[in-house]
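The values are calculated or read from the model by the stated rules, or taken from the named source; none is laboratory data. Just so we're clear, the structure is a prediction, and the values are computed from it rather than from any experiment. Because the Cβ atoms are built from the backbone with ideal geometry, glycine has one as well, and the counts that use them run over all protein chains shown.
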Amino acid sequence: MGFIVAIDGPAGAGKSTVAKRVATELECTYLDTGAMYRSIALVAQRQGISPIDEASLVSLARITRISFSPLTPDGFQRVEVNSEEVTAEIRTPEVSQLTSKISSIGLVREVVLEQQRRIAYEAPAGVVLEGRDIGTVVFPYADLKIFLTAGEEERARRRYEELKAQGMDISFLAALEDQRERDRRDSEREVAPLRPAEDSVTVVTDGLTVSEVVERILSLCRERLALREQKHQSNQIERKDLLA
Ligand code: DC
């Protein structure tokens, strides 16, 4: 099993930017688990499936084929759903709200969880996963668990600027309200709510540059990789002793 880094945290904490850079530095696969839920939400929206129609949403999750291109050096990743590019479309505020609702359905999460584990098991060098429940549910034995967060207004400001840059007509207050609603839903849901894993390292990103955050996480990765290597070597010695 490759090296596993779990990066969880609320919307706007900077997870994507940081996780992509960490994955690139470690030459690992990057998995944006939010994009998987978003993709299912987009197809549900297009097909007019209600967010409370659980049975249809679970069937939809099972048949929806989501694929990711490798990361480019500048951090772009193309997302395809059933062979159609949806990279930008899954990021609209409407899809964000719908995703937050759909991702609270336990059976939908089970389907997505299986897919996440399969992708990680197939990643030769390891994987950096970002989401809400990676360290608590998907990979409770991850080599490193980070809970990345920032103050509410700082997160909303980043989100607002991101949406503005994409040409969306939205006010700061609307972005803040939208984020509050999603945060509430993501943290209060019964299944896999957003919370730091007990053994996670919390990194608060207010006032830090992306490079500072990435460097902090990379140095934790180096420590954990060295530990893993030590464990591996002592297992080898024990095996040899047993065989002797
Ligand atoms: O990280 P994001 O903003 O792309 O996530 C979109 C939504 O999906 C968000 O409301 C929380 C949900 N999500 C989740 O429930 N579990 C994950 N592992 C990732 C995202």
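Tabulated results
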quantity: Top-ranked residue in region 1-18 [being within 10 Å of the ligand (Cβ to nearest atom) and part of a helix (DSSP H, G or I); ranked as surrounded by the most Cβ atoms within 10 Å (Cβ to Cβ)]; calculated: K15
quantity: Condition met for Q166 (near the ligand (Cβ under 10 Å from one of its atoms) and either of a type outside the set (A, V, I, L, M) or surrounded by 14 or more Cβ atoms within 10 Å (Cβ to Cβ) (or both)); calculated: no
quantity: Leading residue by the ranking (nearest to E25 (Cα to Cα)) among those in region 44-85 that are of a type in the set (S, T, N, Q) and in a loop (DSSP other than H, G, I, E, B); calculated: T72
quantity: Selection from region 97-152 of residues that are under 21 Å from L60 (Cα atoms) and part of a loop (DSSP other than H, G, I, E, B); calculated: S103, S104, I105
quantity: Qualifying position, being under 24 Å from D53 (Cα atoms), β-branched (V, I, T) and touching a Leu at 6+ places or on another chain (Cβ under 8 Å), among I119, I102; calculated: I102
quantity: From V86, V58, V128, residue being at pLDDT 95 or above and in contact with a Phe, Trp or Tyr (Cβ under 7 Å, 6 or more places away or on another chain); calculated: V128
quantity: Residue selected from region 121-139 under the condition over 18 Å from S187 (Cα atoms) and not β-branched (V, I, T), by the criterion nearest to the ligand (Cβ to nearest atom); calculated: L129
quantity: Filter result (free of Cβ contacts under 8 Å to residues at least 40 places away in the same chain and within 20 Å of E153 (Cα to Cα)) within region 200-236; calculated: G207, L208, T209
quantity: Residues located in region 19-43, provided they are assigned to a helix (DSSP H, G or I) and within 11 Å of the ligand (Cβ to nearest atom); calculated: A19, T33, G34, A35, M36, Y37, R38, S39, I40, A41
quantity: Enumeration of residues in region 68-85 that are within 17 Å of the chain's Cα centre (by Cα) and surrounded by 12 or more Cβ atoms within 10 Å (Cβ to Cβ); calculated: F68, S69, L71, G75, Q77, R78, V79, E80
quantity: Any hit, region 183-195, residues being among the polar types (S, T, N, Q) and surrounded by 12 or more Cβ atoms within 10 Å (Cβ to Cβ); calculated: yes
